[in-house]
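These notes are about the structure you will find just below.
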Amino acid sequence: MKFFTEENLELAHEIIGRYPKPRSAMIPLLHLAQEQEGWVNDDAMTEIAELLGTTSAEVLGTCSFYEMFKRKPVGKYVINICTTMSCALMGAGDLMKHAESRLGLKSGGSTPDGLFTLEGAECQAACTEAPCLQVNYRHQYRVTPDQFDQLVEDLASSDSDIPKHGVLSQIRQHIPEDKFVGSTPPEDVVSAPVWLNEDGGRE
Amino acid sequence: MSESTPSEISVTINGVQVEAEPGEMLIAAADRAGVHIPRFCYHERMSPVGMCRMCLVDVDTGRGPMLQPSCMVPVADGMSVNTESEDTKRAQEGILEFLLVNHPLDCPVCDKGGECPLQDQTMAYGPGESRFVEEKRHYEKPIPISDLVHLDRERCILCDRCTRFADEVAGDPLIHFTERGNATQVLTFPDEPFSSYFSGNTVQICPVGALTAAPYRFKARPWDLEQVESTCTTCSMGCRVAVESSRNELVRYLGVDVESVNHGWLCDKGRFNFESTNSSHRITTPLTRDNDDPRQLLGSDWGSALALAAEAIQQAGPGRVGLIGGSRLTNEDAYAWSKFAKSVLGTDNVDAQLGDGLSAEVVLALPLATIAEACNADTVLVVGPDIKEELAILHLRLRGAATKGQTKVVEIGSTPTGIEPYAHRSIRCAPGESAKALSELLASDDPLAAQLKQGSLVVVIGRASLAESEEPTLSLAASIRAELPHATFLPALRRGNVRGALDMGLAPGILPGRTRLDQPSPALSANWNTVPTTKGLNTTEMLRAAASGDLDTLILVGADPLSDFPDRNLAAEAIQKVKTLIAVDTFITDSVAQADVVLPATAYGEQGGTTTNIEGRISRLTQKITATGSARDDWMIATELAWRLGGDLRLGSKEEIWREIEQVAPSHSGVTLERVESSEAHEGILVQRSSIELDLPAPGTPPVADGYGLRLVSGRKLWDAATTTTYSPSLQPLAEAAALRVHPNDLQRLGISSGTDVRVISTRSTEIITAIADDSIERGTAMLPFNQPGGGANRFIDAAAMVNDIRIETV
Ligand code: SF4
Ligand code: SF4
Ligand code: FES
Ligand code: FES
């Protein structure tokens, strides 16, 4: 069964074209699949394998290596509460308990309406702002139980600019064709790197 | 570190100076120096990955000793290595303790127990005790990852050997590490089994009992096994194997690493078809027709069966008898039959090939290349059968050369093949027109033309399609000889010892030792009663003669023309017409079932001798078990028959036969019995001499297709209805049912949807077959595998036609 929408399929081909070897596009395509469906299902992996000229097993190998690729359906919003040291000392345990009772589930579960998935996570590199959590990998700092409830309400009423799970960025990256890897062999690149301005300083 | 030229690299291992090659890994240098470093993931035929860390040793490059994985560290001049230091020992203990953390230690019920590197190395280098008291990880035990291989993830130590093999060597990355950290496991994609033609190799190289082979599971314990080195004769590649038996039953083959041939690998067909030798369907006693009910074959005894056979041969006389087959035999057996026919019967109507190969004169006269030369050539041109299907390990070797970038593989053919994914170029041509395609290429300014003309070139040549006569292939050979005179050849012929059979003279016009009838060696003239003076008939001609009543007796030596000859109708007519059909075989094949006298022969594993592979390499076959029932070696049967016909082959044992071959066959002179029995035969003894001059016919052109028909292409698949596959219970289900593949547009034009049954009409037959749309097939072409269960392509093929067309209709 085909997985990608026509639009995404076109995008997939564009992404593949950026690399000298199609296989290099595996992770970008897994992201594209996750963006489309919120998670990566078997059909997606099979189609990616076909597009890249490899086997589904190889795609599964890569996909399953990364915890952030979900191979089971998740809610529109995945909430990761940090449970590592700093956050734990600052009340992450209580926050988790509160979140579980507020959402009516256990860590790792999803709400039946398909809106929320709750997970415990390792350090999110925001230890000074403990306890913290992420919604679809967007940070929320020093979260109190009340703030958590507010957050859930906002998300449920779509009063939030956080995109659904799987969307990496609101802006789609577009790379001009002459910047595709492999289009100019490195030894032929004579111009200055693009991030240098004319006087040689940083832009 | 100093700059070093090749000869200058010298490392000290445990105080002993060792010379090493630049780029060589430390572990390999140590191996050569006789110092064993324990290892799990390192395998000399695959790239190093440093997964298991078992090979840590103290390496000092001037900055003091440091633990480094010896499989990942290339030798450097002046390196000093200690594989027995305190640190090394502690590292080894630590690594083994780690590896055993999750290992179930179910050795008593594990197939690997007794020959397990984990067991052995734990005994030799392990700490003796574990500090791990927690729960080990648990998985369902074992899960089938294909029809032939089972995976026990609890036992897996994640060495990456199987997955590396699948990706790097086989090119079938259908198993892969999934998940991460403690959850890492080898898996296939759901519902996509590890159905690789080479899957059995992973079982052999798995350093633990995580991968087990269905045909061997719980069959034997390693200490019950007896082992001999032999050669696989399933196809003509000649892979070296270790044949293992337990209680006089074959239970396992292992690949043996031979540099010039198989690099230790086997295909699954060669690895697992030992089951057929053990089959209860084997012919165990001579059979003859029941006088009361001629439809029945009845058990008989050797005396009466041989007498009947001899009488029929006698009555027919030399002009009206023919012998077909012999390429499943050892060289010695082939020689005995050759001498029987040519010297005792005085007939030259003998042919080891079944109309599906190349004329013996051509095969024996083409300048031969070795497999190694092919893998080192600038270009390999494949114009023959699908190598992956018919010479599976040659496919691995060529693929290896192509992926390393040292060789460009170019193919010319009319249907997709297993080579395509790694070929530098796949040139498609209409069936029968490969010579034209090549000439066009060479006349063009395509850079490939220059590459073919200048660089070293090996041509793998054979009959790509059995729906074509030999002519197009011979035309191609002729144009290659004319336009690319520097090319050497590897003939891709069908059936195990076909090359040896031709060398032994089992072909019309040929005498043992690659000589023509009119050039017998003095030793041969002295030894043989007579030598036929006129060239006899090949298989096609014999069948034709039989069908028109010009042959009275046909002897089939391990041959099944009804299944293997391209034209079943002709074979059937011939078999029906001959007065007496004598079959010497191991199973009741379609043709054997029609025989009047059936003589049971010994099978693979039950007979010793030698065999010769496609490049002319002679290696040993070793007997491992006793013969089934009263089956006899072919040479004995030939000798007995000769005796009854008043002749004496004067052959008393395989050894004696080899001595005679060495004397009478000019090409084999010097290849003494002593050499054949020495360790030289492990690598094989290459025989490339030939006294036959190459004489190729002028090219012809195939007729133009009529526009309504589809031109038929037919090759063999690895898994088909071949006898040894059919009688191997583990392999038999792998053969797909016959299906005709046609381009979707051609099907649409006829209003046929993919997957439905169609009526296939040729000049020879009309049958119902499932048609499948396949856009990798050229328009105007139809592909039907030659011998799948449920119907072979041979029903549609007219052996007299240069190409064969079929028409399809809705049912
Ligand atoms: S299954 Fe065997 S060969 Fe494969 S990774 Fe595990 S231990 Fe290694
Ligand atoms: S490639 Fe041929 S010779 Fe080698 S294992 Fe397979 S069948 Fe046997
Ligand atoms: S411990 Fe929670 S962000 Fe670092
Ligand atoms: S053998 Fe060297 S790391 Fe495994």
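Every number in this text was worked out from the coordinates using simple rules, so none of it is lab data. What you see is a predicted model, and the numbers here were worked out from it, not measured in a lab. In this analysis, Cβ positions are derived from the backbone assuming ideal geometry, glycine residues included, and neighbour counts consider all displayed protein chains.
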Applying a 10 Å radius around every beta-carbon, put B:367-373, B:87-93 in order of their mean neighbour count, most first.
B:367-373, B:87-93
Enter the angle in degrees (range 0 to 90, nearest 10) between the Cα long axis of helix A:56-65 and the first principal axis of the Cα atoms of chain A, meaning the one along which they spread out most.
50 degrees
Take every Cα pair under 8 Å in the range B:710-810 that's 6+ residues apart, average their separations, divide by the length, and report that relative contact order as a whole percent.
39 percent
Can you tally the net charge around B:Arg494? Count Lys and Arg as +1, Asp and Glu as -1, for every other residue whose Cβ sits under 10 Å from the Cβ of B:Arg494.
0
Kirkwood Rh in Å, taken over chain B so that all alpha-carbon pairs contribute:
28.4 Å
Packing-wise, with mean Cβ within 10 Å as the measure, how do B:120-129, B:504-513, A:26-35 rank, highest first?
B:504-513, A:26-35, B:120-129
Positive minus negative residues near B:Leu649 (Lys, Arg vs Asp, Glu; Cβ under 15 Å)
-2
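Find the relative contact order for the range A:77-156 and round it to a whole percent, using C-alpha pairs within less than 8 Å whose residues are 6+ positions apart.
39 percent
About its Cα centre, how strong a charge dipole does the range A:77-156 have in debye, to the nearest 20, once Lys and Arg get +1 and Asp and Glu get -1 at the Cβ?
140 debye
Using the Cβ atoms and a cut-off under 11 Å, what net charge is assigned to the surroundings of B:Asp503, where Lys and Arg are +1 and Asp and Glu are -1? Display every interim value, and only then the final one.
On the way: positive: B:Arg499, B:Arg514, B:Arg689; negative: none.
Local charge sum for B:Asp503: +3.
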Reduced to Cα centres, the span from the range B:749-764 to the range B:180-239 in Å works out to 40 Å
Rank-order B:307-314, B:526-533 by packing density, defined as the average count of other C-beta atoms within 10 Å over each peptide's residues, highest first.
B:307-314, B:526-533
Evaluate the charge dipole of the range A:5-88 about its Cα centre and quote only its size in Debye, nearest 20, assuming +1 on the Cβ of each Lys and Arg and -1 on the Cβ of each Asp and Glu.
440 debye
Under Karplus coefficients 6.51, -1.76 and 1.60, residue-wise ³J(HN,Hα) of the range B:209-217 in Hz, glycine/proline x:
x, 6, 10, 10, 9, 3, x, 10, 3
In whole Hz, what ³J(HN,Hα) sequence does the range B:647-662 give by Karplus (6.51, -1.76, 1.60; θ = phi - 60°), x for Gly and Pro?
x, 9, 6, 6, 10, x, 6, 4, 4, 4, 4, 4, 4, 5, 4, 4
Among A:Val152, A:Thr83, A:Ser110, whose Cα sits farthest toward the positive end of the charge dipole of the range A:77-156 (+1 at Cβ of Lys/Arg, -1 at Cβ of Asp/Glu, about the Cα centre)?
A:Thr83
Relative to the Cα centre, what is the charge dipole magnitude of the protein assembly as shown, using +1 at the beta carbon of each Lys and Arg, -1 at the beta carbon of each Asp and Glu, and rounding to the nearest 20 debye?
1600 debye
Express as a percent, rounded to the nearest 5, the fraction of DSSP beta bridges in chain B (both residues included) that run antiparallel.
60 percent
List the cysteines of chain A that have no other Cys Cβ closer than 4.7 Å: which are they?
A:Cys63, A:Cys123, A:Cys127, A:Cys132
Calculated from DSSP helices alone, with each H run of at least 4 adding -39500 (n - 2.57) and the total divided by the residues of chain B, [θ]222 nm to the nearest 500 comes to -7000 deg cm²/dmol
In straight Cα distance, which lysines are under 25 Å from B:Lys717, not counting same-chain residues fewer than 8 positions off?
B:Lys269, B:Lys388, B:Lys408
Overall form of the range B:361-491 per C-alpha gyration tensor (a/c, 1.5; a/b vs b/c):
rounded
Cα-Cα over 29 Å: which of A:Lys97/A:Lys164; A:Lys70/B:Lys404; B:Lys342/B:Lys577?
A:Lys70/B:Lys404
Computed ³J(HN,Hα) along the range B:398-406: with the Karplus parameters 6.51/-1.76/1.60, θ = phi - 60°, integer Hz and x for glycine or proline, the list is 5, 4, x, 5, 5, 6, 6, x, 7
Expressed as a whole-number percentage, the relative contact order of the range B:491-609 with C-alpha contacts under 8 angstrom and at least six residues apart is 16 percent
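Residue by residue through B:160-167, how many Cβ atoms from other chains fall within 10 Å of the Cβ on average?
Details: counts 0, 0, 0, 3, 0, 0, 3, 4.
Per residue, the number of nearby Cβ atoms from other chains is 1 on average.
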So between B:Arg131 and B:Val109, what do we pick up on full extension, going 0.36 nm a residue minus the alpha carbon distance?
5.5 nm
Can you give the mean number of other chain Cβ atoms that lie within 10 Å of the Cβ atoms in peptide B:171-177?
5
Treat each spin label as a single point 7 Å out from the Cα along the C-beta direction, and report the A:Asp159 to A:Thr5 distance in nm.
2.8 nm
Averaged across B:284-295, how many Cβ atoms of other chains sit within 10 Å of each residue's Cβ atom?
0
Shape of the range B:9-99, Cα gyration tensor, a/c cut at 1.5:
oblate
On the formula 1/(1 + (r/R0)^6), with r taken between the Cβ atoms of B:Gln451 and B:Leu694 and R0 of 35 Å, the FRET efficiency rounded to 0.05 is 0.90
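In terms of the Cα gyration tensor, with a ≥ b ≥ c the square roots of its eigenvalues, is the range B:710-810 rounded because a/c is under 1.5, prolate because a/b exceeds b/c, or oblate?
Prolate shape, in that a/c is at least 1.5 and a/b is the bigger ratio.
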For the range B:462-568, the charge dipole (Cβ of Lys, Arg +1; Cβ of Asp, Glu -1; about the Cα centre) points to a positive end, and the Cα of B:Thr553, B:Ser563, B:His486 closest to that extreme belongs to B:His486
